[in-house]
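The values are calculated or read from the model by the stated rules, or taken from the named source; none is laboratory data. Just so you know, these numbers come straight off a predicted model, no measurement behind them. Here Cβ is always computed from backbone atoms with ideal geometry, including for glycine, and neighbour counts include all displayed protein chains. For accessibility, only protein heavy atoms count, side chains too; no ligands or nucleic acids. Shrake-Rupley method; radii C 1.70, N 1.55, O 1.52, S 1.80 Å.
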Amino acid sequence: MAKPITCLAAVAWEPNKPLVIEEIEVAPPKKNEVRVRVMASSLCHTDSYVHQGRDPEGVFPVILGHEAAGVVESVGEGTSSVEPGDHVILLYIPECGKCKFCRSGKTNLCSVIRETQGKGLMPDGTSRFTCKGKSLFHFMGISSFSNYTVVPEISLVKVDRAAPFEKICLLGCGATTGYGAVEKVARVEKGAKVAVFGCGCVGLSVIAAAARAGAGMIIGVDTNEVKREWATKFGATHFINPAECGEKSIETTLIEMTFEDGAGGVDYSFDCTGNVKVMRSALEACHKGWGQSIVIGVAGVGECISTLPFQLVTGRVWRGCAFGGVKGRSHLPEYVKRYLNKELRLDELVTTVLPFEKVSEGFEKMHDSNNIKTVLIYR
Ligand code: NAD
Ligand code: DAO
Ligand code: ZN
């Protein structure tokens, strides 16, 4: 029978106050739960957004972190898909395989633990974390800024042991989101014309996936000039900094660049910025009759998107996806294999590696325009 573990975690006691490395207690996993030793966790904007108190549904005190890989330490009763020692990636979108959403075959948005996960609790409505006599909330069902965490069995997936934790943690969110959006949502075909707005980890993964799909034209768009070289390195055939467009809008520029047989516009566009104005440009840069724009970026709470309805009446399609439409337990083992076979690019996306205790420095690094991904390594 597993016992409580005492370990270190970065605790966000209050919004917008520095994270504090504290000694915490992690309770044993209950029925259908797994306790995981976190080995690597990368930083994502959602961690920072919630930490800053910008999500009104964010609860504190909390252990943040949701993009992670580790080793199974112990399993609760009834757990059958993993055992101690297995290497796993943690999943903020679980996959139960049984709920209405999983059974539909139309979405990856498994909803069986949605309510408790959204409240920062495990499915039984309680927390597994305690610090100084206080219960701490879980985050996105993961809480990886801790040496140990407990997650439902449906919120992790066993992967090949040959894969390095400090790279495959990116498959827990950013990289998978980009690849999935191209392959599972848009289904970009050979020769297609693609525009990618925002060339961070997500946008670069979109570019790499579009290149792999054989897209004929891949146009990276970013306001940060540094991203020209990054986009090109990942497979963009063109790059535009909107500042270069002068009086013209970025959408007009893209329509002109792709003009052929009397009409212009891209077959697929992807918003990887989270800026609602950019989302509109991305839609309006699409080809009349069939162009699809995929919203990936997460906008600020309460922000709305808009366009003229005529844009949709004339056949452009606005879609969105979370985690690239990828079903974690069904699809991620294959993504890990593809990484090991050098068919999926993760290595170059990791620009900073820090010991876990320097997580606050990692948050600072997110503002550095040369930084793509910061990975925390755990001892
Ligand atoms: P990032 O900050 O590393 O990259 C964003 C890029 O957009 C930067 O290079 C920035 O210079 C560029 N940018 C900003 N404003 C722009 C503008 N007006 N025009 C063109 N480019 C502009 O972020 P990331 O980690 O790549 O994530 C991208 C977005 O995707 C974020 O909003 C993130 O929250 C979201 N996200 C969504 C999912 C999902 O499942 N839907 C998953 C992960 C991340
Ligand atoms: O099922 O209602 C639901 C919500 C599922 C999670 C959606 C996540 C959206 C994007 C995440 C951003 C980056 C971590
Ligand atoms: Zn489900």
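Details
- Residues of the range 116-168 satisfying the condition of being within 20 Å of the chain's Cα centre (by Cα), in a loop (DSSP other than H, G, I, E, B), within 25 Å of Trp13 (Cβ to Cβ) and of a type in the set (Gly, Ala, Ser): Gly120, Gly141, Ser143, Ser144
Listed here are the residues, each with its yes/no results for (1) within 18 Å of the chain's Cα centre (by Cα); (2) farther than 18 Å from Cys199 by Cα; (3) open to solvent by less than 40 Å² (accessible area, probe 1.4 Å).
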site: Gly274; (1), (2), (3): yes, no, yes
site: Cys286; (1), (2), (3): no, yes, yes
site: Gly291; (1), (2), (3): no, yes, yes
site: Gly325; (1), (2), (3): yes, yes, yes
site: Glu334; (1), (2), (3): yes, yes, no
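- Residues that are more than 16 Å from ligand 1 (Cβ to nearest atom) and within 12 Å of Ala69 (Cα to Cα) occur at least once in the range 136-144.
- For the range 75-94, the candidate set comprises residues that are open to solvent by less than 30 Å² (accessible area, probe 1.4 Å) and over 24 Å from the mean Cα position of the chain (by Cα); within that set, the residue that is farthest from Pro123 (Cα to Cα) is Gly85.
- Listed here are the strands (runs of 3 or more DSSP E) enclosed by the range 169-255 that have at least 1 residues being surrounded by fewer than 24 Cβ atoms within 10 Å (Cβ to Cβ): 217-221, 238-240.
- The range 81-105: number of residues that are assigned to a loop (DSSP other than H, G, I, E, B) and more than 12 Å from ligand 3 (Cβ to nearest atom): 7
- Once the range 106-125 is narrowed to residues that are surrounded by fewer than 19 Cβ atoms within 10 Å (Cβ to Cβ) and closer than 22 Å to Pro4 by Cβ, the residue that is nearest to ligand 3 (Cβ to nearest atom) is Thr116.
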